[in-house]
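For reference, the structure is listed below as structure tokens.
What follows is calculated from the coordinates using simple rules that are stated; it is not laboratory data. Just so it is clear, the model here is predicted, and its values are computed rather than measured. FYI the Cβ positions are ideal-geometry reconstructions off the backbone, even for glycines, and counts take in every protein chain you see.
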Amino acid sequence: MRYFALASIRFYQKFISPYKGFSCAYRIHTGCASCSALGYRAVRRHGVVTGFFILRERTYKCGVAHRRYSVQPRRAIRSQRGDCDLGCDSPADCQFDLPRGSFLSRFFDSISCTDFCDCDWPDRKRKDTKDEELVYIPAKDKIRTE
């Protein structure tokens with residue numbers, strides 16, 4: 001299990017992380033190791049379960065650092081803004097060109113199209129940042145290099 005977790009982290013570091021276009025916010029702000037480097041070290045030293053909990057705490061702090069120190073405001077993705085690109089206001093607007101008698105045809109005929117194409121998606125609640133004000137994230141100049 002440990003070998004698989006370490007191999008997965010190395011795969012991420014080698015093939016995914018260099019191409020995703022952004023870096024660990026905690027590492028950028030503090031100058032410490034990135035979340036994936038800490039996760040690799042934690043899994044190697046403490047095992048998968050304990051390493052997971054260490055990494056979970058660190059990714060939480062990374063998210064706090066991103067929300068706290070992000071310079072650029074994030075734009076909402078079109079589907080998350082509430083824009084409806086399905087375009088069906090009534091059951092008559094939802095047409096599925098599927099062969100009659102197929103499983104999908106029976107499935108879509110059995111559900112109400114207004115339930116399936118409803119533009120009133122549930123609102124995603126913003127994360128409550130009141131508790132995040134108490135999270136300590138050290139600055140670069142306060143960290144001693146070893």
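Out of the residues in segment 28-53 that are assigned to a loop (DSSP other than H, G, I, E, B) and small (Gly, Ala, Ser), which is farthest from Tyr136 (Cα to Cα)? Give the steps one after another, and end with the answer.
Here is the first cut: in segment 28-53, the residues assigned to a loop (DSSP other than H, G, I, E, B) are 31-34, 47.
If we keep only those that are small (Gly, Ala, Ser) as well, we get 31, 33-34, 47.
Working: Gly31: 15, Ala33: 17, Ser34: 17, Gly47: 26 Å.
Filtering first and then ranking leaves Gly47.
Which of the residues spanning segment 2-27 are assigned to a helix (DSSP H, G or I), free of Cβ contacts under 8 Å to residues at least 12 places away in the same chain and not charged (D, E, K, R)?
Passing the criteria: Tyr3, Phe4, Ala7, Ser8, Phe11, Phe15, Ile16, Pro18, Tyr19.
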